[in-house]
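Notes to accompany the following structure.
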Amino acid sequence: MIDRYSRQIIFPGIGDEGQRRLANSSVVIIGCGALGTIIATSLVRAGIGKIRIIDRDFIEYHNLQRQVLFNEDDIRNQLPKAIAAERHLKKVNSSVEIEGIVADVNFTNIEGFVHEADLILDGLDNFETRFLINDVSLKHKIPWVYGGAISSRGMTRTIIPGKTACFRCVLANFPDRGTIPTCDTAGVIGAAPFIIGSLESVEAMKILVGSEEINRDLIVIDVWKGIFGRLEIRPRRDCPACQGRYEFLEGQYGLRVTSLCGQDAVQVLKPEAGTISLEELAARLNRVGQVTYNEFMLRFTVDAYEMVIFGDGRAIVKNTADESLARGIYAKYIGT
């Protein structure tokens with residue numbers, strides 16, 4: 001088994017002791033899309049002892065352009081991403097304990113998912129769950145690595161509770177609704193999540209082996225323009241999360257879903273105040289589906305689903321009674 005990791009062990013930053021630490025470590029990867037598949041693949045091959053992969057979604061053909069763990073058979077077999085990832089990765093390294101969980105991570109279950117984890121890794125495409133990760137990280141003193149990629153751009157940084165600025169030090173609250181592009185509206189070049197996911201994996205290994213060379217800055221890349229930069233991030237004195245107020249973990253913010261009886265539809269809303277520009281949202285969604293709107297509401301049709309979106313950010317997702325699916329559709333096209 002040593003031969004499997006021999007090239008990694010002779011690297012001075014890891015060595016025999018570092019490899020033993022990796023083998024005794026437990027990590028949780030939340031999100032198994034483009035970022036999550038790169039992270040999971042890298043860490044399974046590196047010999048991390050236990051890896052839990054959590055994702056609420058299923059595999060579609062457009063995922064195959066950048067999500068490296070999946071293939072056409074997975075789509076034909078209608079496999080959820082977490083289950084397909086688990087099956088493929090167990091063939092890569094049978095010595096690693098791999099658990100794929102199909103679930104919608106939210107404030108009611110995240111603490112159970114990260115229990116006894118040494119590290120949390122971000123493979124997400126939405127801000128809501130990142131705020132949750134940040135809260136649970138600070139509350140339970142678990143390091144986490146943030147990463148995001150869209151279009152040709154990406155960014156990542158490492159958050160160590162009590163030692164670095166946290167996620168809310170940088171982004172106090174949700175961005176304005178409808179203003180943040182998603183992969184479904186802005187597209188994505190595979191190289192962007194490949195690089196960000198690889199950087200996240202390296203940070204994970206550094207943390208787990210006890211390296212002092214942790215990335216405390218925000219790394220920003222644009223693979224199309226060939227840009228690679230770093231921004232220093234400092235703690236914010238009035239950050240509520242750093243002061244022990246875990247508002248997202250307590251369920252004060254985030255998406256709320258309600259099945260509409262007899263209508264085959266789900267209402268998705270956010271409890272916090274705010275408005276959305278239907279005109280700007282229409283311009284963004286026009287590229288991926290059919291859109292009509294007026295000053296009161298916007299209708300958006302994509303695939304087999306229709307969304308009715310209101311100025312307060314509330315939406316009704318039609319042709320489904322699946323609340324988790326409705327949350328995912330909202331996150332894809334409206335953002336969180």
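Counting charges near ASP238 (Lys, Arg +1; Asp, Glu -1) among other residues having Cβ under 14 Å from its Cβ returns a value of +4. The angle separating the long axis of helix 323-333 from the principal Cα axis of greatest extent in the chain is about 90 degrees.
Of the GluC sites (Glu not before Pro) found in region 283-336, those in coil by DSSP whose Cβ has at most 14 other Cβ atoms within 10 Å are GLU295. Summing charges over neighbours of ILE196, with a neighbour being any other residue whose Cβ is under 15 Å away from its Cβ, gives -1 when K and R count +1 and D and E count -1. The chain has equivalent-ellipsoid semi-axes of 33, 23, 19 Å, by the square roots of 5 times the alpha carbon gyration tensor eigenvalues, sorted largest first.
The H on the amide N of GLY313, modeled in the peptide plane, is under 5 Å from the matching H of ILE276, each at least 5 residues off or on a different chain. Distance between the 7 Å Cα→Cβ label points at ASP3 and ARG236: 5.3 nm. The GluC sites (Glu not before Pro) of region 203-256 that meet both conditions, a loop assignment by DSSP and at most 13 other Cβ atoms within 10 Å of the site Cβ, are GLU212, GLU213, GLU232, GLU250. Cut-off 12 Å, label point 7 angstrom out along Cα-to-Cβ of GLU97: give me the residues of region 22-39 whose amide nitrogen falls inside. Counting backbone N atoms under 12 Å from the label point, the list is 24-27.
The longest stretch of the chain left intact once loop-based chymotrypsin sites (Phe, Trp or Tyr not before Pro) with at most 13 other Cβ atoms within 10 Å are removed from consideration, loops following DSSP, is 1-223. Taking Lys and Arg as +1 and Asp and Glu as -1, the other residues whose beta-carbon sits under 12 Å from that of THR292 total 0. DSSP assigns beta bridges within the chain; of those with both partners inside it, close to 70 percent run antiparallel. Helix 127-140 against the longest principal axis of the chain: what's the angle in degrees, Cα atoms only, rounded to the nearest 10? Helix 127-140 and the main axis of the chain meet at about 40 degrees. Among the GluC sites (Glu not before Pro) found in region 39-127, those both in a DSSP coil and sparsely packed, with 13 or fewer other Cβ atoms within 10 Å of their Cβ, are GLU60, GLU116.
Stretching the chain fully between LYS141 and SER324 yields a gain of 63.0 nm (0.36 nm per residue, less the alpha carbon separation).
A simple rule links phi to the HN-Hα coupling: the Karplus curve 6.51 cos²θ - 1.76 cosθ + 1.60 with θ = phi - 60°, which for region 45-53 gives 5, 7, x, 4, x, 9, 10, 10, 10 Hz, with x for Gly and Pro. Look at where the Cα atoms of region 191-214 and of region 1-54 average out, and the two centres are 10 Å apart. Each Cα pair under 8 Å and six or more residues apart adds its separation to the average, and for the chain the resulting relative contact order is 16 percent. Between region 59-80 and region 99-124, the alpha-carbon centres lie 22 Å apart.
No lab work stands behind these numbers, since they all come straight from the coordinates. Predicted model only: the values in this text are computed from it and were never measured. Every residue, glycine as well, gets a Cβ built from its backbone with ideal geometry; the counts of neighbours run over all protein chains shown.
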